[in-house]
Amino acid sequence: MHMKLGPVPVLVVSSAKLAKEVLKTQDSVFCSRPKLLGQQKLSYNCLDIAFSPYSDYWKEMRKVSVLHLFSLKKAQSFRPVREDEIGRMVAKIQALASSSDRVVVDLSEVVTDLATTLICRTAFGTRYDERGSERRRFDKLLRDGQAAMADFYVSDYYSWLSWVDKLSGKLARLDAAFKNLDLFYQELIDDRLDRNRRKTMEEEEQEEEDILDVLIGLKVHSSDLTWDHIKAMLMDIFVAGTDTSIASIIWTMTALIKAPDVMKKVEIRELIASNVK
């Protein structure tokens with residue numbers, strides 16, 4: 001079904017046959033995301049992977065990600081981090097469950113803490129205190145960034161009504177979210193560059209690289225990669241990556257809770273040794 005949102009053409013995929021045509025046969029035609037204001041702003045005009053249109057640039061950035069950022073070897077190198085954070089989460093749940101106050105465990109909050117902390121540690125090697133000021137700042141940056149990216153902007157559909165976005169304050173909130181995130185990324189980069197300058201050769205060899213280290217290393221050896229490219233990639237990890245990871249885990253647990261028989265099948269404590277992670 002074809003319809004229009006203002007001057008913007010919209011194709012509604014309403015059958016399996018059409019879905020196959022769009023997602024498989026004509027994949028190269030439909031694979032690019034529409035250019036929306038919030039996404040373009042926060043992705044440094046689509047310098048990332050998630051919102052970049054399908055092109056040679058996108059292919060090159062995807063290649064960089066597959067080879068250097070999300071390879072099997074790199075994923076395995078973060079296994080100790082995952083085990084440590086999951087262990088902390090389980091210990092926290094056990095402490096709450098055994099509390100004499102009979103505290104209700106907010107699974108969404110626990111999963112959000114886990115996903116956020118995992119991403120922070122794997123991306124730039126920092127673990128924020130759950131009640132610390134830096135963690136509160138990070139959480140606010142994420143909330144503001146995700147809200148600004150997902151917001152509805154009239155100018156996406158009626159360019160001549162862009163004044164409505166300005167009058168409603170949405171453009172100001174988008175600009176503020178972008179500037180705060182950009183400052184955060186720059187602080188991470190400056191701190192890492194300063195730390196790297198003070199490292200000895202032996203320390204460099206012993207220390208495991210996180211994602212920010214890899215991106216900075218790629219820039220050093222590639223004149224085509226700019227700081228904005230790195231910031232756009234960090235945006236994918238922080239703003240886009242956290243929300244999808246959290247939602248996937250929460251909805252998986254929701255489905256399991258509604259299906260006790262399936263829940264029993266995934267209970268593995270009786271099948272493996274207690275010391276195996």
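Each reported figure results from applying straightforward, stated rules to the coordinates on display, with no laboratory input. Only a predicted model underlies this, so the values are computations on that prediction, with no experimental measurement involved. Virtual Cβ from ideal backbone geometry, glycine too; neighbours counted across all protein chains shown.
On a 20 Å Cα-Cα criterion, which of the cross-link pairs K20/K41; K59/K219; K63/K179; K20/K59; K140/K170 come out too long? Listed pairs above 20 Å: K20/K41; K63/K179; K20/K59.
About its Cα centre, the dipole of the range 34-266 is roughly 580 debye, where the only charges are +1 on Lys and Arg Cβ and -1 on Asp and Glu Cβ.
Under the criterion of Cα pairs below 8 Å and six or more residues apart, the relative contact order for the chain equals 24 percent. Between V13 and D224, residue separation times 0.36 nm minus the direct Cα-Cα distance comes to 72.1 nm.
Look at the dipole of the chain built from charges on Cβ: of H229, V22, I86, the Cα furthest out on the positive end belongs to V22. Along the range 24-35 the Karplus relation, 6.51 cos²θ - 1.76 cosθ + 1.60 evaluated at θ = phi - 60°, assigns HN-Hα couplings of 10, 5, 9, 4, 5, 7, 9, 6, 6, 6, x, 7 Hz to successive residues, with x for each Gly and Pro. Alpha carbon centre of the range 219-235 versus the range 113-185: separation in Å? About 20 Å separates the Cα centre of the range 219-235 from the one of the range 113-185.
Taking label points 7 Å from Cα along the Cα-to-Cβ direction, T244 and A176 give a separation of 2.8 nm. Here the chain is treated as a sphere whose radius is the Kirkwood value from Cα pairs; by Stokes-Einstein at 25 °C and 0.890 mPa s it diffuses with a coefficient of 112 µm²/s. On full extension, the segment bounded by A75 and E109 gains 9.8 nm, given 0.36 nm per residue less the C-alpha separation. Projected label points at E60 and R82, each 7 Å from Cα along the beta carbon direction, are separated by 3.1 nanometres.
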